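The values are calculated or read from the model by the stated rules, or taken from the named source; none is laboratory data. Note that the coordinates shown come from a computational prediction; the quantities given were computed from them, not determined experimentally. Cβ atoms come from the backbone with ideal geometry, glycine included; neighbour counts cover every protein chain shown.
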Amino acid sequence: MAEPAQAAKQTSRNPVREIIVYVTTSVDGYIARPEGDVTWLNRPRPKGNYGMGEFLKGIDTMLWGPKYLDDGRRRNHRVVPR
């Protein structure tokens, strides 16, 4: 059996980061309908939006696929880089 990998030592040049995977999908495992529609994501949110504002304040890097990035730019979403 292989030995578990050693965790990287935290230094000023090598800060240890926490990786959080946040994925939105429907029950069938997709985010969009076959024709690409994602309007089901635009739903009423409760006060506080499930704590997403606080959660996003602690995020310094986001990885988005090209379709999601293009959609965010088209809708002028505030967190999308130009």
Search segment 33-62 for residues that are touching a residue at least 24 places away in the same chain (Cβ under 8 Å) and pair each with any residue that is in a helix (DSSP H, G or I) and not hydroxyl-bearing (Ser, Thr, Tyr) when their beta-carbon atoms are under 8 Å apart and the residues are at least 6 apart or on different chains. Gly36/Lys67; Val38/Asp71
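Any chance you could count how many residues in segment 44-60 are assigned to a loop (DSSP other than H, G, I, E, B) and either touching a Pro at 6+ places or on another chain (Cβ under 6 Å) or exposed (fewer than 10 other Cβ atoms within 10 Å of the Cβ) (or both)?
Looking only at that region, the number is 7.
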Scanning segment 55-68 residue by residue, those at pLDDT 80 or above and over 16 Å from Val21 (Cα atoms) turn out to be Pro66
